[in-house]
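Before any comments, here is the structure.
The values are calculated or read from the model by the stated rules, or taken from the named source; none is laboratory data. Just so it is clear, the model here is predicted, and its values are computed rather than measured. Because the Cβ atoms are built from the backbone with ideal geometry, glycine has one as well, and the counts that use them run over all protein chains shown.
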Amino acid sequence: MADKRITEEDVVAELRDGMTVGIGGWGSRRKPMSIVRAIARSSLKDLTIVSYGGPDVGVLCATGKVAKVVYAFCSLDSIPLEPHFRKAREAGSISTLEMDEGMFLLGLQAAAWRVPFLPTRVGLGSSLMEQPEIRTVKSPYADAEELVAVPALNLDAAIVHMNRGDARGNGQYLGVDPYFDDLFLMAAERRFMSVEKVVTTDELIAGGPLQSLRINRLMTDGVIEAPFGAHFTQCPPDYERDEEFQREYAASAKDPDAWAAFRAKYIDCGDHAEYRRVVGL
Amino acid sequence: MSNVTRADYCVIAVAETFRGDGEIMANPIGTIPMIGGRLARSTFEPDLVMTDGEAMLVANALPVGVEGVEKVVEAWNPYRSMFDVVFSGRRHVMMGASQMDRFGNQNFACIGPMDKPKAQLLGFRGAPGNTIQNKTSFWIPMHSVKVFVERVDVVTGVGYDRAKALGAAGRFHRLGHVVTNLGVLDFETPDNSLRIRSLHPGVSADDLVAATGFDLVVPDDIPDTRAPTDAEMEIINTLDPRGLRGKEVPE
């Protein structure tokens, strides 16, 4: 029986420059930050990041890992605009594919179902259609309606964070929203799930309602045990967002010195165990 | 009622945008929109469905800015289900706008060109989907020539001119009212360009026109925004015990 337990550094070793990486969670909620920081510390570059964006996108932009972001928003929730992402956008150092939130879901679903696109009305009439990567398709039925053909968001890799998982790669969320983590995994070639705690399969089943078992081992290649792995984003019921830390992170976008200090202290400090020691988690 | 504030008129104007909606999901975004939406459900639109801002649909009227109030959960609606609601058209959302033109084309993605913005704002969020799939109203807490512009930099929410150009594909497009700190605008004109629907007491048509960067339709007789009843004021104070509405729209 396969034991899929690996480390954040093992995930990084599976990635290559120029890859398209999907990141689960939503805004500043249940983001796989320990893996994000490992990528930020690596020599990887020119990544395309696909995310319902939060500090995952901000950290990777600020550490120079990103060529392009596919997104509908990039927010810290309690701080509406992600300051590091904003800075990268205004400096012109990254390109983007702008999307609507629902359109983004269809792109992931198309990739997960291995079709080139899914049709929708969403996007028609908006500036999204000025982007050459988003095209329309004509209904072959009697209505002959012109619809948006949302391109499949095929991912080279996906990373997500769950509350619990077992060593075989089954995963469980215990908060109120699964977000789109299963779709990110299904849309990807290489699939990695960090979890707060690795438990036995029996404990997993006993730990919550059956509907909380959103991730099954068909969807995962690697499991990373990372207590506080989503810090400073929220991961209820295990912990809420660390608002004070998030404010410190946001403030570090103000000038290069502040960012250099933040980066040295919390990102380049070392692995996740060292991060936990530095933050006091 | 002498103690009725400008913010209270804004709350009433927001509530009125949901009149007649029946059993749909009302998603007012912003402090005054949330108070107004919840007021509508507490009074004349009892069948509205409303969220707690996350994954729950709640049956009771939650006060704004107060932690720890017990939620009466009536259903589960994670983000993924929200797109089912939007795509099926059973929603009326009230969004903000950084820019809006006369036909209701809205922008809150960025200022300047999309490929290299002068100021990155929210991104497209759900604006294209909302405007093309379900009813959309707007809340502008600071009515100014910076917001109401001749031409928006980027179209996030689709206006009437662009929706009409789509033909049948635009058939679910419908913009409601644009409530601002000065008055209420709507699109009930022959070409669906913005007109003044009502003015909050103390605001003249000239004031509102001066704060708008394009020619509005200005009817000869413009009513005042209606005042809240005593019963409504009581509910408003329950929904906003800390007076947060007065911070969003000061006197």
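Counted as qualifying within the stretch A:27-127 are the strands (runs of 3 or more DSSP E) with 2 or more residues that are modelled with pLDDT of 95 or more and among the β-branched types (Val, Ile, Thr), namely A:47-51, A:66-71. Each residue in the stretch B:81-108 was checked for being in a loop (DSSP other than H, G, I, E, B) and closer than 19 Å to B:Gln133 by Cα, and 9 pass. Working only within the stretch B:74-90, note down all residues that are more than 10 Å from chain A (Cβ to nearest Cβ) and either loosely packed, with under 14 Cβ neighbours inside 10 Å or modelled with pLDDT under 95 (or both). Answer for the stretch B:74-90, where residues must be more than 10 Å from chain A (Cβ to nearest Cβ) and either loosely packed, with under 14 Cβ neighbours inside 10 Å or modelled with pLDDT under 95 (or both): B:Glu74, B:Ala75, B:Ser88. Scan the stretch B:32-73 for residues that are more than 26 Å from A:Gly102 (Cα to Cα), within 14 Å of another protein chain (Cβ to nearest Cβ) and crowded, with 20+ Cβ neighbours inside 10 Å and jot them down. Answer for the stretch B:32-73, where residues must be more than 26 Å from A:Gly102 (Cα to Cα), within 14 Å of another protein chain (Cβ to nearest Cβ) and crowded, with 20+ Cβ neighbours inside 10 Å: there is none. A:Pro119 meets all of the listed conditions (1) facing another protein chain (nearest Cβ under 8 Å); (2) within 30 Å of B:Asp161 (Cα to Cα); (3) surrounded by fewer than 24 Cβ atoms within 10 Å (Cβ to Cβ); (4) not hydrophobic (A, V, I, L, M, F, W, C) but one, namely (1).
Among residues of the stretch B:185-199 being of a type outside the set (D, E, K, R) and within 22 Å of B:Gln99 (Cβ to Cβ), the one that is surrounded by the fewest Cβ atoms within 10 Å (Cβ to Cβ) is B:Thr189.
Within the span defined as the stretch A:80-95, every residue fails to be touching a strand residue (DSSP E or B) at 6+ places or on another chain (Cβ under 8 Å), within 7 Å of another protein chain (Cβ to nearest Cβ) and over 30 Å from A:Lys254 (Cβ atoms). Taking the stretch B:118-161, which residues are surrounded by fewer than 22 Cβ atoms within 10 Å (Cβ to Cβ), within 9 Å of another protein chain (Cβ to nearest Cβ) and either touching a Leu at 6+ places or on another chain (Cβ under 6 Å) or small (Gly, Ala, Ser) (or both)? Listed by number, the list holds a single entry, B:Ala119.
For the stretch B:162-187, the candidate set comprises residues that are more than 9 Å from chain A (Cβ to nearest Cβ) and aliphatic (A, V, I, L, M); within that set, the residue that is farthest from B:Ile132 (Cα to Cα) is B:Leu182.
Within the stretch B:1-29, restricting attention to residues that are among the small types (Gly, Ala, Ser) and crowded, with 19+ Cβ neighbours inside 10 Å, which residue is nearest to B:Pro78 (Cα to Cα)?
Checking each candidate, the answer is B:Ala26.
Across the stretch A:140-157, the qualifying residues are those that are touching a Leu at 6+ places or on another chain (Cβ under 7 Å) and more than 10 Å from every other protein chain (Cβ to nearest Cβ), and the one among them that is nearest to B:Arg171 (Cα to Cα) is A:Val150. Among the residues that make up the stretch B:3-12, is at least one of them among the small types (Gly, Ala, Ser) and in a helix (DSSP H, G or I)? Yes, some residue in the stretch B:3-12 is among the small types (Gly, Ala, Ser) and in a helix (DSSP H, G or I). Among the residues of the stretch B:152-176, the ones that are over 13 Å from B:Ala97 (Cα atoms) and either modelled with pLDDT of 95 or more or assigned to a loop (DSSP other than H, G, I, E, B) (or both) come to 14 in all.
The sole residue among B:Gly170, B:Gly126, B:Gly176, B:Gly157 that is small (Gly, Ala, Ser), out of contact with any Cys (no Cβ under 8 Å at 6 or more places or on another chain), farther than 27 Å from B:Arg245 by Cα and touching a residue at least 24 places away in the same chain (Cβ under 8 Å) is B:Gly170.
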